[in-house]
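Colleague: For reference, the structure I am asking about is given below.
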Amino acid sequence: MKNKFGSLSLILCLLFSLAATAGAQNKVVRKTIRKVITPQISPVAAPTAAISPEAAPETPPPPPEPIAEIKKPEEPGLFGWGTNTAASGKLLYGSILLGLRGDVIFSDPLKLGEKIGLAEDAVEYRVGLGLAVSDKLKTIPLFADAIVYLKEGSLFGMDPYLGAGLIYNLYGTGRVSGGLGGQLYLGILADLGFESRAGISVGYATYKVSDSLSDSGIFVTLSQPIKL
């Protein structure tokens, strides 16, 4: 009887041992299968919206640097007055008359030059005093001229101008005043090495001292603008 119970106990122990071993192996197999089959899930990053270059806002270019205005220095002239003047000498043929003249030059406020198809400053005015001496008379004349500068190079490649004016005797032969003459002339501008170009003109002039004494003829004049 004891042998039967011992054998039965031994068999039960073997079965229990086999069952325990099988359970352990089953757990190991399940863990292995789970590792192989179940993939590791990594966190997915949030999608970023792709911005095309066309949709991207344009960056405005930097503002240009301000250009400093270059101001020319003022030219006060020889005596600081800044006045446009001209000195001229005249030789009149017919009877020999020698004359000197000083003028103040005024620009045209009406811009007539631009209205007749020339430069804006093509017209200028001159008012001046002079001294004229001939074998017929002596006079201190008052001059008032208008000058029109024509297009550059329009006279055989030279720069021409036209002038016309009045000549009034302030004080002359016989200690009298009065007597109105005039002049017409055509000239060209020439560079004599000064800041402004000189004018060389040929024309016809009449000087009068009262109504009874006059002198007329063709003249040649050299005029040089000077800024005082």
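Colleague: If you take the residues of the stretch 86-104 that are surrounded by 19 or more Cβ atoms within 10 Å (Cβ to Cβ), of a type outside the set (Lys, Arg) and under 20 Å from residue 124 (Cα atoms), which of them is modelled with the highest pLDDT?
Modeller: Out of the qualifying residues, it is 103.
Colleague: If residue 113 satisfies all but one of (1) open to solvent by less than 80 Å² (accessible area, probe 1.4 Å); (2) part of a strand (DSSP E or B), what's the number of the condition it fails?
Modeller: (2)
Colleague: Look at residue 192 and say whether it is farther than 23 Å from residue 106 by Cα and aliphatic (A, V, I, L, M).
Modeller: Spelling it out, it is not the case that residue 192 is farther than 23 Å from residue 106 by Cα and aliphatic (A, V, I, L, M).
Colleague: So which of 196, 214 ends up being part of a loop (DSSP other than H, G, I, E, B) and either of a type in the set (Val, Ile, Thr) or open to solvent by 40 Å² or more (accessible area, probe 1.4 Å) (or both)?
Modeller: Criteria check complete, one pass: 196.
Colleague: Restricted to the stretch 202-211, and to residues that are over 20 Å from residue 129 (Cβ atoms) and touching a strand residue (DSSP E or B) at 6+ places or on another chain (Cβ under 8 Å), which residue is most open to solvent (accessible area, probe 1.4 Å)?
Modeller: By that ranking, first place goes to 204.
Colleague: For residues that are open to solvent by less than 50 Å² (accessible area, probe 1.4 Å) and outside any strand (DSSP E or B), tally how many sit in the stretch 118-142.
Modeller: 3
Colleague: Output the qualifying pairs, or none if there are none: Cβ atoms under 9 angstrom, residues six or more apart or on different chains, first residue in the stretch 153-180 and within 22 Å of residue 128 (Cβ to Cβ) and part of a loop (DSSP other than H, G, I, E, B), second residue open to solvent by 70 Å² or more (accessible area, probe 1.4 Å) and among the aromatic types (Phe, Trp, Tyr).
Modeller: The qualifying pairs are 177/168; 177/171; 178/168; 179/168.
Colleague: Tally up the residues in the stretch 188-201 that are modelled with pLDDT of 95 or more and under 20 Å from residue 129 (Cα atoms), please.
Modeller: Looking only at that region, the number is 0.
Colleague: Also, I was wondering about something else. Going by the structure shown, is residue 145 among the acidic types (Asp, Glu) and in a loop (DSSP other than H, G, I, E, B)?
Modeller: No, not satisfied.
The values are calculated or read from the model by the stated rules, or taken from the named source; none is laboratory data. Small disclaimer: the values here were computed from a predicted structure and weren't measured. Note: ideal-geometry Cβ built from the backbone for every residue, glycine included; neighbour counts use all protein chains shown. Side chains are part of the model used for accessible areas, which takes the heavy atoms of the whole protein and leaves out ligands, DNA and RNA. Shrake-Rupley method; radii C 1.70, N 1.55, O 1.52, S 1.80 Å.
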